[in-house]
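*Asks:* Take a look at the following structure, please.
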Amino acid sequence: MGIQPAIFAHTHYTGVLRPPAEAESLPSWAYTDAEFLERERERLFRAHWLCIGREDQVARPGDYMTREIAGASLIVVRGRDGAVRAFHNACRHRGARLLEGEGSCKAISCPYHAWVYGLDGMLVGAPDTEATIGFEKSAHFLAPARLESWAGFLFVNLDGRAKPLTEHLGDCPAFHAPWSLQDMVVTRRNVFEVECNWKLFIDVFMEYYHLNVVHPSSIAAAYGPADPMERVRGDWITVFGLNGSSALLLQDSARAAALPAVPGLSGRSAKGTRYSLIYPNMPFACTTESMWFFEIDPLAPGRTRIGMNMCFPRSTAALEDFAEMAQACYLRWKVAIAEDNTVLERQQRGLASPLVRRGRFSHLEEVVPRFGAWVAERVCDPA
């Protein structure tokens, strides 16, 4: 049961749905209650498109990766025909988990009873089933997950009923065209957990208000004032700001460590960073040298698993000294994430207090009430 008998009643969310300058925060149970999280999984995660990685992470036929998201375990694999497919990671025999981690294979074999599936998900081997009446291998293929792609990103829809990905994205591709995202490759993926609600991690990634307080000596100087938020079409949101220095390095790093700019980048795009959130769980950023994105998976009301991916243009990743030069970029994220996580875990503990009250917002965090309103519109009951 929830904290209150009617935690989804529309009356609790009228303040959340006001314009950002008038809005108040989501109620505390939105960050602490298991019933609220389960409705988010149902109405946000299973019903919308979820980013699960990039095509270059399964570059060759037989390459696979597994992902855990919203309680589902998935296999993403490139077939012999070059197509990338997603399947639920469970054997059609008795449900055993088929693959773990990432790697390459010629076929998908169950470790329990050795049922074997092709890279297209079709069952090709089922030992000792000759006497099973009415059994046909063609009817026992791996359960597919609906998968679509944009600019190298892979998205799945778990309930199979979402509108087309192009409609979900709206004008997101046009806003990010300057960075040629289809030419980016993942150079490092780091998975970690933080003891906070999933929405809090997205909030801190997207807003400028905390920079001088949480990151005063690490990355605050990298950011100038954010532009007014642009109107967008689709299920996403964005904020752009000019850089004070490289957003990819700690502010005391030598500029000699800087990597090449994204090829073809010009105008204001070549001088700033665009932070965006594709609802519900893909915050990402495009800056002068690179792009990074997160896969957000809520494990519990107060615990979240994060997959962080650093991406660079193929030409940059191919440089002879790239591995050495990129270390400064990876260090920047190690430091900044640790600073954010410390504050997020304090925020989560504060929200668990029975005396906590709703907050209001600065103009520097306009993205936070907009995200909160998107959540509330889909989670609360009709008025």
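*Asks:* So for the range 351-363 (the condition being in contact (Cβ under 8 Å) with a residue 60 or more places away in the chain, assigned to a helix (DSSP H, G or I) and not small (Gly, Ala, Ser)), does at least one residue qualify?
*Replies:* Yes, the range 351-363 contains at least one residue that is in contact (Cβ under 8 Å) with a residue 60 or more places away in the chain, assigned to a helix (DSSP H, G or I) and not small (Gly, Ala, Ser).
Each row is one residue, and each column tells you yes or no for (1) of a type in the set (Asp, Glu); (2) assigned by TED's automatic domain parsing to the domain that holds Gly359; (3) modelled with pLDDT under 95.
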residue: Ile3; (1), (2), (3): no, no, yes
residue: Pro27; (1), (2), (3): no, yes, no
residue: Arg39; (1), (2), (3): no, yes, no
residue: Glu68; (1), (2), (3): yes, no, no
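*Asks:* Which members of the range 332-341 meet the condition of being free of Cβ contacts under 8 Å to residues at least 40 places away in the same chain and in contact with a helix residue (DSSP H, G or I) (Cβ under 8 Å, 6 or more places away or on another chain)?
*Replies:* Selection gives nothing.
*Asks:* Within the range 130-170, work out how many residues are at pLDDT below 95 and either within 19 Å of the chain's Cα centre (by Cα) or crowded, with 20+ Cβ neighbours inside 10 Å (or both).
*Replies:* Qualifying residue count for the region: 0.
*Asks:* Another one. Among the residues of the range 24-35, is there at least one that is over 16 Å from Asn197 (Cβ atoms), touching a residue at least 12 places away in the same chain (Cβ under 8 Å) and of a type outside the set (Val, Ile, Thr)?
*Replies:* yes
*Asks:* Within the range 114-161, restricting attention to residues that are in contact with a Gly (Cβ under 6 Å, 6 or more places away or on another chain), part of a loop (DSSP other than H, G, I, E, B) and not aliphatic (A, V, I, L, M), which residue is nearest to Val76 (Cα to Cα)?
*Replies:* Asp120
*Asks:* Exactly one of (1) in a loop (DSSP other than H, G, I, E, B); (2) surrounded by fewer than 21 Cβ atoms within 10 Å (Cβ to Cβ); (3) within 16 Å of the chain's Cα centre (by Cα) is unmet by Phe192. Its number?
*Replies:* In the conditions (1) in a loop (DSSP other than H, G, I, E, B); (2) surrounded by fewer than 21 Cβ atoms within 10 Å (Cβ to Cβ); (3) within 16 Å of the chain's Cα centre (by Cα), Phe192 misses (1) alone.
*Asks:* In addition: Say whether the condition of being outside any loop (DSSP other than H, G, I, E, B), surrounded by 17 or more Cβ atoms within 10 Å (Cβ to Cβ), in the same structural domain as Leu277 (by TED's automatic domain parsing) and of a type in the set (S, T, N, Q) is met by at least one residue in the range 223-241.
*Replies:* Within the range 223-241, one or more residues are outside any loop (DSSP other than H, G, I, E, B), surrounded by 17 or more Cβ atoms within 10 Å (Cβ to Cβ), in the same structural domain as Leu277 (by TED's automatic domain parsing) and of a type in the set (S, T, N, Q).
*Asks:* What residue, among those in the range 65-113 that are of a type in the set (Lys, Arg) and part of a strand (DSSP E or B), is nearest to Leu147 (Cα to Cα)?
*Replies:* Arg85
*Asks:* Which one of these is crowded, with 17+ Cβ neighbours inside 10 Å, in the same structural domain as Ala151 (by TED's automatic domain parsing) and over 28 Å from Glu55 (Cα atoms): Ala90, Ala126?
*Replies:* Matching residue, one of Ala90, Ala126: Ala126.
*Asks:* Could you check Ser269 against (1) at pLDDT 95 or above; (2) in contact with a Phe, Trp or Tyr (Cβ under 6 Å, 6 or more places away or on another chain); (3) over 28 Å from Met65 (Cα atoms) and say which number it fails?
*Replies:* Ser269 satisfies every listed condition except (2).
*Asks:* Then there is this: When both residues are 6+ apart or on different chains and their Cβ atoms are under 6 Å apart, which pairs have a first residue that lies in the range 316-331 and is in contact (Cβ under 8 Å) with a residue 60 or more places away in the chain, and a second that is of a type in the set (Val, Ile, Thr)?
*Replies:* Pairs found: Ala317/Val185; Ala317/Thr187.
The values are calculated or read from the model by the stated rules, or taken from the named source; none is laboratory data. Every value quoted in this text rests on a predicted model; they were computed, and no experiment measured them. Please note: Cβ atoms are built from the backbone with ideal geometry, for glycine as well, and neighbour counts cover all protein chains shown.
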